[in-house]
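Below: the structure, in structure tokens.
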Amino acid sequence: MRVISADKRFAEARVYGYYVLAVFRPGVEVPTFGQPTDFTDSLDGLSDDDRKTVIEEGRRQLDRQLADLEKNKSRAATMLTVGLAEVGVLAAGANRAFAHGPWTGIGWIVSALLALLALGGAVSLLTSQAVFGRTDTRAVASGPTPLQQQVAFGYADAVGWGEETIRTRITVLRDGVLLAVASAVLYALIWPFISGAPSQKSNPQPSTTGVSTTCPATCTPSSPSNPPTRTSRSGGPARGLTSSAPAPAPSTQRP
């Protein structure tokens, strides 16, 4: 197992980077912040009841470590859902961010990178290999007697790996949550500036050349094959759209 000591520079960032890269390399062992020391104490001075107590406590500790691993995966699944939602929101506002100005575009890029890193950490916590100590039954059966002492020694030596694995995974989960929160806060800061920015898509304008297809509200459609007609004074139909002036009223002359 690869170990990156917590005392080294940028230890958390390096461990988180290994976890993100493990998404693209399945089966690769992810590092931890420390390596457990081997159990070297002798159990010769313990009675049979004391060895049974060591075995029971070792089983309980391993069961608790596995339960902590499941809790860590459950929280990582929640972080994965939040990260996918953030990526969707960022994708929806990309055109507005780049249309408003360079600073909002840079803020959008940084926010998107933080969201993707948080998403990668969540996926890695769900899929990467976790190292836990265990007691091999076949090795115990073929080992020296008394077997009870060998089993107690095996449990005492195995619990250290699980503790380091859980400690590292909790730290990676915390870093992923911080990245997701930082991405959301940064996008919230640039949102007031891009919310009023016009979209890059422009509405098509109607053509001003050619024959207009609209008709004013006052006109009435007429068929070119049937022009309107009017009635002449002689009683026959007359073609055209001109109207005749009204006839003058007759005048009466008095003598």
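Considering only segment 14-60, state which residues are under 30 Å from Leu147 (Cα atoms) and of a type in the set (Asp, Glu). Don't jump to the end; show me each part of the working.
Taking segment 14-60 and keeping what is under 30 Å from Leu147 (Cα atoms), we get 35-60.
Residues satisfying the conditions are Asp38, Asp41, Asp44, Asp48, Asp49, Asp50, Glu56, Glu57.
Which condition number does Gln129 fail, the rest of (1) open to solvent by 80 Å² or more (accessible area, probe 1.4 Å); (2) at pLDDT below 75; (3) over 30 Å from Asp49 (Cα atoms) being met?
All conditions pass for Gln129, except number (2).
Taking Val20 as meeting all but one of (1) touching a Ser or Thr at 6+ places or on another chain (Cβ under 9 Å); (2) part of a loop (DSSP other than H, G, I, E, B), write down the number of the exception.
For Val20, the exception is condition (2).
Report whether or not Leu46 is assigned to a loop (DSSP other than H, G, I, E, B) and surrounded by 14 or more Cβ atoms within 10 Å (Cβ to Cβ). Before you say what the answer is, go through the steps one by one.
Numbers: assigned to a loop (DSSP other than H, G, I, E, B): yes; surrounded by 14 or more Cβ atoms within 10 Å (Cβ to Cβ): yes.
Yes, satisfied.
Could you please let me know if Ala11 is farther than 30 Å from Gln148 by Cβ and touching a Ser or Thr at 6+ places or on another chain (Cβ under 8 Å)? Walk me through how you get there before you give the answer.
Values: farther than 30 Å from Gln148 by Cβ: yes; touching a Ser or Thr at 6+ places or on another chain (Cβ under 8 Å): yes.
Here the answer is yes, as Ala11 does meet what is asked.
If you scan segment 85-101, which residues turn out to be within 24 Å of Leu178 (Cβ to Cβ) and touching a residue at least 24 places away in the same chain (Cβ under 8 Å)?
Glu86, Val87, Val89, Leu90, Gly93, Ala97
Could you grab the pairs with beta carbons closer than 8 Å, sequence gap of 6+ or different chains, first residue in segment 43-65 and modelled with pLDDT of 90 or more, second one open to solvent by 90 Å² or more (accessible area, probe 1.4 Å) and of a type outside the set (Val, Ile, Thr)?
Leu62/Arg134
Quick one: which residue in Val54, Val82, Val140 is among the aliphatic types (A, V, I, L, M), closer than 20 Å to Ala182 by Cα and touching a helix residue (DSSP H, G or I) at 6+ places or on another chain (Cβ under 9 Å)? Before you say what the answer is, go through the steps one by one.
Working: Val54 fails: closer than 20 Å to Ala182 by Cα; Val140 fails: closer than 20 Å to Ala182 by Cα.
None of the others qualify; the one that does is Val82.
Sort out which residues of segment 134-153 are over 14 Å from Ile55 (Cβ atoms) and either at pLDDT 85 or above or not polar (S, T, N, Q) (or both), and write them in order of number. Lay out the reasoning, then the answer.
At the first step, the residues of segment 134-153 found to be over 14 Å from Ile55 (Cβ atoms) are 136, 138-139, 141-145.
Within segment 134-153, Asp136, Arg138, Ala139, Ala141, Gly143, Pro144 meet the criteria.
Among the residues of segment 23-40, is any more than 30 Å from Pro192 (Cβ to Cβ), at pLDDT 90 or above and open to solvent by 80 Å² or more (accessible area, probe 1.4 Å)?
no
Report whether or not Thr104 is under 30 Å from Val151 (Cβ atoms) and either in contact (Cβ under 8 Å) with a residue 12 or more places away in the chain or out of contact with any helix residue (DSSP H, G or I) (no Cβ under 6 Å at 6 or more places or on another chain) (or both). Working first, answer last.
Numbers: under 30 Å from Val151 (Cβ atoms): no; either in contact (Cβ under 8 Å) with a residue 12 or more places away in the chain or out of contact with any helix residue (DSSP H, G or I) (no Cβ under 6 Å at 6 or more places or on another chain) (or both): yes.
So Thr104 fails the test.
If you go through segment 102-125 one residue at a time, do you hit one that is surrounded by fewer than 19 Cβ atoms within 10 Å (Cβ to Cβ) and among the hydroxyl-bearing types (Ser, Thr, Tyr)?
Checking segment 102-125: not a single residue is surrounded by fewer than 19 Cβ atoms within 10 Å (Cβ to Cβ) and among the hydroxyl-bearing types (Ser, Thr, Tyr).
Test Thr81 against the stated conditions and say whether it is open to solvent by less than 50 Å² (accessible area, probe 1.4 Å) and among the β-branched types (Val, Ile, Thr).
On the way: open to solvent by less than 50 Å² (accessible area, probe 1.4 Å): no; among the β-branched types (Val, Ile, Thr): yes.
For Thr81, the condition - open to solvent by less than 50 Å² (accessible area, probe 1.4 Å) and among the β-branched types (Val, Ile, Thr) - is not met.
Please find, within segment 121-179, the residue that is nearest to Arg59 (Cα to Cα) out of those that are of a type in the set (S, T, N, Q) and in a loop (DSSP other than H, G, I, E, B). Don't jump to the end; show me each part of the working.
The initial filter retains those residues of segment 121-179 that are of a type in the set (S, T, N, Q), namely 124, 127-129, 135, 137, 142, 145, 148-150, 165, 168, 171.
In the following step, the residues that additionally are in a loop (DSSP other than H, G, I, E, B) were identified as 128, 135, 142, 145.
Working: Ser128: 24, Thr135: 10, Ser142: 21, Thr145: 21 Å.
Across segment 121-179, the extreme among qualifying residues is Thr135.
The values are calculated or read from the model by the stated rules, or taken from the named source; none is laboratory data. None of these values were measured; they are calculated from a predicted model. Note that each Cβ is placed from the backbone with ideal geometry, even for glycine, and that neighbours are counted across all protein chains shown. For the accessible areas, the whole protein counts, side chains as well, though only heavy atoms, and no ligand, DNA or RNA atoms are used. Shrake-Rupley method; radii C 1.70, N 1.55, O 1.52, S 1.80 Å.
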